[in-house]
1. For labels at A11 and M261 in the simple 7 Å Cα→Cβ model, what's the distance in nm?
2. What are the ³J(HN,Hα) couplings of the range 190-199, residue after residue, when phi is run through the Karplus curve with 6.51, -1.76, 1.60 and θ = phi - 60°? Round to Hz, x for glycine and proline.
3. What does the accessible area of E159 come to, in Å² to the nearest 10, when a probe of 1.4 Å is used?
4. Between A239 and L77, what's the calculated FRET efficiency when r is the beta-carbon distance and R0 is 45 Å? Round to 0.05.
5. If a/c stays under 1.5 just call it rounded; otherwise compare a/b with b/c (prolate if a/b is bigger, oblate if not). Do that for the range 129-261, with a ≥ b ≥ c from the square roots of the Cα gyration tensor eigenvalues.
6. So what's the net charge close to E145: Lys and Arg +1, Asp and Glu -1, counting the other residues with Cβ under 14 Å from its Cβ?
7. Can you list the residues, at least 5 places off or on another chain, whose amide H is less than 5 Å from the amide H of G93, using H built in the peptide plane?
8. Taking amide H positions as placed in the peptide plane 1.01 Å from N, state which residues far from E64 in sequence (5 or more) or on other chains have amide H under 5 Å from it.
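The values are calculated or read from the model by the stated rules, or taken from the named source; none is laboratory data. These figures come from a predicted structure and were not determined experimentally. Virtual Cβ from ideal backbone geometry, glycine too; neighbours counted across all protein chains shown. Accessible surface areas use protein heavy atoms only, side chains included; no ligands, DNA or RNA. Shrake-Rupley method; radii C 1.70, N 1.55, O 1.52, S 1.80 Å.
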Amino acid sequence: MTTDKGADASAPKRPGHPDPLGAGEAVLLIDRKGRRYLITLAAGGAYHYHGGAVAHDDLIGRAEGSRVRSAKGTTLLAVRPTAADWTLKAKRGAQVVYPKDQAMIVGLTDIAPGATVVEAGAGSGALTCALLRAVGPEGTVVSFELREDHAAVCQRNVEMRFGGSPPNWELRHGDVVDGLADVPCDRVVLDLLEPDLALPAAAEALHPGGLLCAYTPTVPQVMRVREGLDGDARWGLSATVETLVRGWNVDGLAVRPDHRMVAHTAFLTTARRLAPDL
């Protein structure tokens, strides 16, 4: 979200926005070892950590990308958080969908401005935020979440990200299997323990040609989803992938892959809703 002309003035400013850092903004502090701390600036406030206290007033009014010294003399870089930073640093209840999978879900299912997307469950709201950004203000996201505690965390995180509850977002407390069929939509994204149980309702909700994506951590879940898709003539073009991300250490002429990588998080199974046979 931005504060450009025509945008919601209460929405958080995007990274790289020309305005200086201000009170009420979320800011990411990064120390010399790359450790990251997400704080909200407040006039007269201070952030205390092992490297000493950082006065918020030393940041308010400064340009993004400035460096600040703590009371103990340590230096931190201050930037506005990206979408990936929000995902990794925001408070959570359920496990979040990581940025690499968010990007693949949006890309594989071609979620674009104006689309109506249904997701279940909402969890901690990380994927919800990615979907809202993808559909834009002219699109709609309907999120189902069965657990009240997860729904509360999701609501809080989405409101923090967007400066309030987006008008094009609906959070429904309940079972998607019972409510999905009554929500005509273009895309369905399932992050559930048993997503195969929601396939019949998803077939009812999706317009012909619409896409489904199931996010499943385990092989048995993938097998059940594929069996459900293959056994219903309303589905076609099924495919399953996973995404692995490996960083590289670049230090002059010393270039090598990192010793650790973000490997398996989940399988992504996609399918198209087909038109009825003549």
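1. 3.6
2. Calculated HN-Hα couplings, in order: 10, 10, 10, 5, 10, x, 4, 5, 8, 4 Hz.
3. Its accessible surface works out to 70 Å², give or take rounding.
4. Computed FRET efficiency for A239 and L77: 0.65.
5. Verdict is oblate for the range 129-261.
6. Residues close to E145 contribute a combined charge of -3.
7. Here S124 satisfy the definition.
8. Close amide H contacts, sequence-distant or interchain: L21.
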